[in-house]
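The values are calculated or read from the model by the stated rules, or taken from the named source; none is laboratory data. Note that the coordinates shown come from a computational prediction; the quantities given were computed from them, not determined experimentally. A quick note on method: Cβ atoms are made from the backbone with ideal geometry, for glycine too, and the neighbour counts reach across all protein chains shown.
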Amino acid sequence: MSSLLLFLIICSITPHIEGWGRVGHSLVAHLAESLLDERALKWVKTRLTNQMSEIAFWADTIHFDTDNLFGFNAWRWSKPLHYINTPPWDCNYIYERDCINDRCIHGALKNYSTRLKTFDNNVHHQQDFFFLVHFVGDIHQPLHAGFNNDAGGNGVSVRFMNSTATTNLHSLWDTGMLTHRMRTEFAGNINTYYAYLHSKMLNEASKINDDNFTQWASESLDIVCKQIYFNEMNVTMNSSIRYNLGEWYYQRSWPVVEKRLIQAGARLGALLNRILIKHTESTKPPATTTQRGCYNAAFSIKFSMLNFLFIFLALSYSIDTKTVV
Ligand SMILES: [Zn+2]
């Protein structure tokens, strides 16, 4: 393959920002919420959100022109915060090399968990929380600590379970295998699947209760290096051809997907409980302007679509008017 063609392929790769997709992020947040102690739950419900699972995907939707037509460009700065990139097959995560100036998911976790510990830094308190919930989920999707030459598996084309549709390795780990597992084993019912994950988490929670962000990233990278890129013939996958992945790959991978969802939920719940212990409760509530700013960010997607409708109607009216004239 010519170097020019390789360059063009790499340039055309979509950045990996989605993480677990809507379903996975929702499951992680719901698991975490179930572990919040009484004080933390009250803090979340009264100051931040009524339902953690509903805001868990917000940090991705702000990047979509389909969801945030007039605002998505304003959030470009936050795209690198969804992942860590290492040189290809360099399986040791090195913070100084892979997270320069904290512009990676590790830096984001440090930043938003610190900001949430005090109202003194409460510029965008609710927004900090939305980001933290999302990024704890993302860092547990192994390919969010992946290789920079294919954007964490986005550049590796695959077909899954004989589907005629082509997807990519990153997307398969984001949503493909999770969706398949829910559909084939839980009749597509997210509540049943959540109940199953929840009971599994309660049995394992004591073993995975920590907030060592370096370790979380290293665990993901380890899974990437030891498992994800090997197909059923034990051939190392790359961006040059399309691979067919079936039952063998799925059976080997779904336990990892589930383990990471459970770890993310348990760790997020424990992290939020710990943050609240250190949280300096102010005698006065956050400034009104801050609250308003956060709400604007959270609901900008709905508002932008409404704006679009208004503009469309206004243009239609204008065209009609000109036609008449
Ligand atoms: Zn993300």
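The set of residues in region 228-261 that are of a type in the set (S, T, N, Q) and touching a residue at least 60 places away in the same chain (Cβ under 8 Å) comprises Asn238, Ser239, Ser240, Asn244, Ser253.
For the subset of region 219-239 comprising residues that are surrounded by fewer than 13 Cβ atoms within 10 Å (Cβ to Cβ) and at pLDDT 95 or above, which member is farthest from Ala264 (Cα to Cα)? Of everything passing the filter in region 219-239, Thr236 is farthest from Ala264 (Cα to Cα).
Checking the stated criteria, Ala40 turns out not to satisfy the condition of being modelled with pLDDT of 95 or more and more than 14 Å from the ligand (Cβ to nearest atom). Given the structure, is Cys99 on the phi < 0 side of the Ramachandran plot and either in contact (Cβ under 8 Å) with a residue 40 or more places away in the chain or in contact with a Lys or Arg (Cβ under 9 Å, 6 or more places away or on another chain) (or both)? No.
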